Amino acid sequence: MSDGLCETAHKPQEWRTMNVIVCVKQIPDPANPGALDATSNTLKREGKLILDESDSYGVEMALQLVDAAGSGEVSLVSMAPNSETAGLRTALAMGAAKAVLVSDPALQGSDALTTAKILAAAIQRLGGADLIIAATESSDGYTGTVPEQIAEVLGLPSVTFAKKVSIEGGVLKADRQTEEGYDEVTCPLPALISVTAGVVEPRYPSFKGIMAAKSKPVDEVTAADLGVTPVGWAGAGQQISNIAQAEARAAGEVIEDDGETFGKIVTFLEGLKVI
Amino acid sequence: MGISNIWVFAQVANGAPTSGSLELVTKARTFGGTVSVWVAGDGAAVAGALGEYGASKVFAVDYGQNLAGVSVASAMKATIDGGESPDLIMFPQSYEGRDVMARLSVKLGRTVLTNSVDIEAAGDSVSATTPIFGGNTLVTTTFTGGAPYLAAFRPKSFNPEASGGAAAAVQAVSVPDLGATGTAKITAVHVEETTGPKLDEANIVVSGGRGLGESANYAMIETLAKLLKGAPGASRAIVDAGWVPYSYQVGQTGKVVKPSVYIAAGISGATQHMVGMKGSKNIIAINKDKEAPIFGIADLGIVGDVHKVLPKLIEALQAR
């Protein structure tokens, strides 16, 4: 190694390229009630899927970190049936540069561990990144383990439940939510973080962004392309054995406020002997 | 065979095992085998409490400045490699619990069933039950691979009941070399002080949501909670908006509460919120929108403006 290179390597890096990969999930619109497929017992994911709102925070955080670094790009990885890209296009319209979409009928019934292996392989297909960002959990399946499982598969350090994130001189600093409050954590890159909703304010895609997103590259691959087997039900260490309806909670009395309904509440509380 | 060697990861907060962890030790006892509990940090401090609920051994992992999740998962893996063979490992659905089970599931190549509310063993077959769609459907899933089975449970899935056992024996387990995964370090610990009853233990919970309009109006929720000797709570929307700390959040990603009375003010009732409070004995909802889903589960629903109803309610209670 020449002296010149050594000098560069030891210089504190104020400016560096930041490449960030965001794991995003495309889910059925939460405004519509969910349903299970009667034959497969998996969550129905037919029709148009949207970008999980929880993931918009990660996309925004990634864009801000790349902006702050001065160079680099944001890439996306996602696993979805039927070559679905509607949610990916939303994230691309926000400013992400490209995406890897893993779409494969064989993936139906995959458990969280298989999902993590698939996403980790998709991340490696992109050549890895300085930082990988995921939401703390998806809004439809909410297993909540996939981010940390991806970190373990890739052998990376991780900071889950990060509610404040910054990067200084190639080191990540984050406030991590705990039972009692929060911990301040530092972590060298490359690393994985899962971010809580509200960590940043996600931007709305601009018209220009939406138009540009249509031609951004989406690399669609199968589980076999990624070399991950077995997947789906065959690879899952679990099997659904029963589905039952929970006891429904009946609605009680609903009354329009006429300025005096506070008295109803007082009477109700008195009846319960709590006041 | 069956389930004879059970491990429980206990979340410790403010120097004591959380009630969600004691529930799991209680449930673990019912399988009739030995129950060992893993804790991140000081084992001696919690050995008494854990023994009282049926643990015979405490594995204590001194994780230093490392993150607890990766440290405990690695220590568990090393202990299993060393010859221990747990049949079932139970985790609370807590911050550390999720990290430990996720790391461990990859290390062991085992699936993990999360958000469970019940678990059953029949011979060697183990099944966990999870509510989905905001709790209106219960899915039972059976593990198909070999033991150990990994399952995580929502708080308040079981009743914690002491068995009066002696203090558990403490065994210190050191953290193996974590390599790159151990490079994240804790540099400072912040404890958020709360006054009054704890949100997940209070007999009455008063929660506010976006319908309050602005953060200053949350004071009404605090006043009402104080008058009722209850705890103030919040929907995710206003926690995300920064009106109140995360520790106030009731719902899927926050606290699960089952008080005698739950008052939801200006909360529409997103699935995320309802999951955390629909187990309350009595629910009172105040919301402007009569179509709000919260009215579907409320025992008393007031279709009205929280800015008008709450001040009058507070006044009436203060006058008593």
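The values are calculated or read from the model by the stated rules, or taken from the named source; none is laboratory data. Because the structure is a prediction, the values reported are computed rather than measured. Cβ placement follows ideal geometry from the backbone for every residue including glycine, while neighbour counts extend to all protein chains displayed.
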Name the pairs whose Cβ atoms lie under 6 Å apart, with the first residue in region B:181-197 and under 16 Å from B:Tyr246 (Cα atoms), the second assigned to a loop (DSSP other than H, G, I, E, B), and 6 or more positions between them or separate chains?
B:Val191/A:Glu180; B:Glu192/B:Pro245
Considering region A:126-149 alone, what residues qualify as being more than 9 Å from every other protein chain (Cβ to nearest Cβ) and either closer than 19 Å to A:Pro230 by Cβ or of a type in the set (Ser, Thr, Tyr) (or both)?
A:Ser138
Name the residue, out of A:Arg176, A:Arg203, that is among the basic types (Lys, Arg) and buried (at least 18 other Cβ atoms within 10 Å of the Cβ).
A:Arg176
Select from region B:198-209 the residues that are at pLDDT below 95 and within 13 Å of chain A (Cβ to nearest Cβ) and write down the one among them that is farthest from B:Tyr63 (Cα to Cα).
B:Asn203
Report yes if some residue within region A:171-180 is modelled with pLDDT under 85 and within 13 Å of chain B (Cβ to nearest Cβ); otherwise report no.
yes
So which of B:Thr111, B:Thr79, B:Thr18, B:Thr34 ends up being at pLDDT below 95 and farther than 27 Å from B:Ser247 by Cβ?
B:Thr111
Every residue from region B:136-192 that is within 13 Å of chain A (Cβ to nearest Cβ) and of a type in the set (Asp, Glu):
B:Asp177, B:Glu192
Checked against (1) without any contact (Cβ under 8 Å) to a residue 60 or more places away in the chain; (2) over 20 Å from the mean Cα position of the chain (by Cα); (3) crowded, with 24+ Cβ neighbours inside 10 Å, B:Thr30 satisfies every condition except (3)
Quick one: would you say B:Ala168 is in contact with a Leu (Cβ under 7 Å, 6 or more places away or on another chain), within 21 Å of A:Leu156 (Cα to Cα) and among the small types (Gly, Ala, Ser)?
no
Would region B:191-209 turn up any residue that is assigned by TED's automatic domain parsing to the domain that holds B:Ile284 and in a helix (DSSP H, G or I)?
no
Taking B:Leu50 and the conditions (1) touching a residue at least 60 places away in the same chain (Cβ under 8 Å); (2) farther than 20 Å from B:Leu88 by Cβ, which numbered condition does it fall short on, given that it satisfies the others?
(2)
Within region B:229-281, how many residues are modelled with pLDDT under 95, under 15 Å from B:Pro197 (Cα atoms) and within 8 Å of chain A (Cβ to nearest Cβ)?
2
Between B:Gly211, B:Gly145, which is over 30 Å from B:Pro293 (Cβ atoms) and in contact with a Ser or Thr (Cβ under 9 Å, 6 or more places away or on another chain)?
B:Gly145
Within region B:285-298, is even one residue in contact with a Pro (Cβ under 8 Å, 6 or more places away or on another chain) and surrounded by fewer than 23 Cβ atoms within 10 Å (Cβ to Cβ)?
no
If the Cβ limit is 6 Å and pairs must be 6+ apart or interchain, which residue in region B:62-83 that is farther than 16 Å from B:Ala180 by Cα and surrounded by 22 or more Cβ atoms within 10 Å (Cβ to Cβ) pairs with which residue that is modelled with pLDDT under 95 and not acidic (Asp, Glu)?
none
Checked pairs for region A:50-79, first touching a residue at least 60 places away in the same chain (Cβ under 8 Å), second in a helix (DSSP H, G or I) and buried (at least 19 other Cβ atoms within 10 Å of the Cβ), C-beta under 6 Å and 6 or more apart or across chains, list as A:Val59/A:Ala91; A:Val59/A:Met94
Qualifying position, being in contact with a strand residue (DSSP E or B) (Cβ under 6 Å, 6 or more places away or on another chain) and more than 7 Å from chain A (Cβ to nearest Cβ), among B:Ala319, B:Ala285
B:Ala285
Which members of region B:27-75 meet the condition of being among the basic types (Lys, Arg) and closer than 12 Å to B:Val170 by Cβ?
B:Lys57
Which condition from (1) more than 20 Å from the chain's Cα centre (by Cα); (2) modelled with pLDDT of 95 or more is the one that A:Ile193 breaks?
(1)
Answer from A:Glu184, A:Glu168 - the residue that is over 16 Å from the mean Cα position of the chain (by Cα), facing another protein chain (nearest Cβ under 9 Å) and without any contact (Cβ under 8 Å) to a residue 12 or more places away in the chain
A:Glu184
